[in-house]
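Take a look at the structure below.
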Amino acid sequence: MPPAPTRPPQTQLFRSNVEHQLRREIEIQSHLRHPNILRLFGYFHDDQRVFLILEFAAKGELYKRLQSLSYFDERAAASFIAQLARALHYCHSKHVIHRDIKPENLLIGLEGELKIADFGWSVHAPGDRRTTMCGTLDYLPPEMVEAKPHSHHVDVWSLGVLCYEFLYGSPPFEAAGHSETYRRILKVDLQFPEKPARSDEAKDLIRRLLRKDPADRLPLPDVLQHPWIVKSLGPQQP
């Protein structure tokens, strides 16, 4: 596959100073091979646009499915979380941190399998320490909110936020204003509504993922062995 373009067209995209981000996205996603990561086969461009050649996800956007149902049942949520945990574990083994895991960046394949689809904020970080604040507010971990260096543990936090959203229909720290959302994230102000009723095992996994200290968050291989995942799906392999 050819390298990402070094002289891209002078479109609004590049006048907006995101040329480097697009090149990085192409280089990272094109080298990833995992059943739960959307394949990027190549790209081409004309004088106005850049075209990415992507795997077709026949069942569309996970975000739309979540919106239509409001939330998933525990088995469906556990299945999506297990698939995400495997995909993120693979990314981290390749020194890739995604940094923007959210429903809008996930697609569903023909067999109902989850696909991570957008690597626009991802980074290849062999040193595993970054400082750029990026991603989407409701999914930001405390270390990013505090502008501290971050590592692959940011993706583990986002997995916890997603697990909560899959089960309850909204992110756990959502608030009326940005400052209140920041405050709730920093306090890890985690509250579980009474409805819909959820199992203690599901709540336990969320608590283990949403820890303020990144080193305290449950490692991704251990997510697959957590009692909630095993109870819902049976034993899982990384």
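The values are calculated or read from the model by the stated rules, or taken from the named source; none is laboratory data. Note that the coordinates shown come from a computational prediction; the quantities given were computed from them, not determined experimentally. Quick reminder, even Gly has a Cβ in these numbers, built from the backbone with ideal geometry, and neighbours come from all protein chains shown.
In region 83-115, which residue that is of a type in the set (A, V, I, L, M) and more than 10 Å from the chain's Cα centre (by Cα) is farthest from Leu140 (Cα to Cα)?
Residue satisfying both the conditions and the ranking: Leu110.
For every residue, the table says whether it meets (1) modelled with pLDDT of 85 or more; (2) acidic (Asp, Glu); (3) surrounded by fewer than 16 Cβ atoms within 10 Å (Cβ to Cβ).
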{"position": "Gln12", "(1), (2), (3)": "no, no, yes"}
{"position": "Pro35", "(1), (2), (3)": "yes, no, yes"}
{"position": "Gly60", "(1), (2), (3)": "yes, no, yes"}
{"position": "Leu69", "(1), (2), (3)": "yes, no, yes"}
{"position": "Ala78", "(1), (2), (3)": "yes, no, no"}
{"position": "Ala82", "(1), (2), (3)": "yes, no, no"}
{"position": "His98", "(1), (2), (3)": "yes, no, no"}
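For region 167-183, enumerate the residues that are over 22 Å from Ala77 (Cβ atoms) and surrounded by 14 or more Cβ atoms within 10 Å (Cβ to Cβ).
Answer for region 167-183, where residues must be over 22 Å from Ala77 (Cβ atoms) and surrounded by 14 or more Cβ atoms within 10 Å (Cβ to Cβ): Ala175, Thr181, Tyr182, Arg183.
Is at least one residue of region 205-213 surrounded by fewer than 18 Cβ atoms within 10 Å (Cβ to Cβ) and touching a Phe, Trp or Tyr at 6+ places or on another chain (Cβ under 7 Å)?
Within region 205-213 (the criterion being surrounded by fewer than 18 Cβ atoms within 10 Å (Cβ to Cβ) and touching a Phe, Trp or Tyr at 6+ places or on another chain (Cβ under 7 Å)), the answer is no, since none of the residues qualifies.
What are the pairs with Cβ atoms under 8 angstrom where one residue, in region 78-107, is within 21 Å of Gln236 (Cα to Cα) and the other, located anywhere, is buried (at least 22 other Cβ atoms within 10 Å of the Cβ) and among the acidic types (Asp, Glu)? Sequence gap at least six, or different chains.
Leu88/Asp155; Cys91/Asp155; His92/Asp155
Exactly one of (1) at pLDDT 95 or above; (2) more than 18 Å from Val156 (Cβ to Cβ) is unmet by Leu88. Its number?
Just one mismatch for Leu88, condition (2).
Here are Pro142, Pro149: which of them is in the same structural domain as Ile101 (by TED's automatic domain parsing) and more than 17 Å from the chain's Cα centre (by Cα)?
None of the others qualify; the one that does is Pro149.
Which residues, counting only those in region 66-97, are part of a helix (DSSP H, G or I) and closer than 25 Å to Phe41 by Cβ?
Across region 66-97, the qualifying residues are Phe80, Gln83, Leu84, Arg86, Ala87, Leu88, His89, Tyr90, Cys91, His92, Ser93.
Yes/no matrix, rows are residues, columns are (1) more than 30 Å from Pro149 (Cβ to Cβ); (2) free of Cβ contacts under 8 Å to residues at least 60 places away in the same chain; (3) in a helix (DSSP H, G or I):
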| site | (1), (2), (3) |
| --- | --- |
| Ala197 | yes, yes, no |
| Ala202 | yes, no, yes |
| Arg207 | no, yes, yes |
| Arg211 | no, yes, no |
| Leu218 | no, no, no |
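A quick yes/no check of all residues on (1) more than 25 Å from Phe80 (Cα to Cα); (2) at pLDDT 95 or above:
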residue	(1), (2)
Thr131	yes, no
Asp138	no, no
Tyr164	no, yes
Leu167	no, yes
Leu210	no, yes
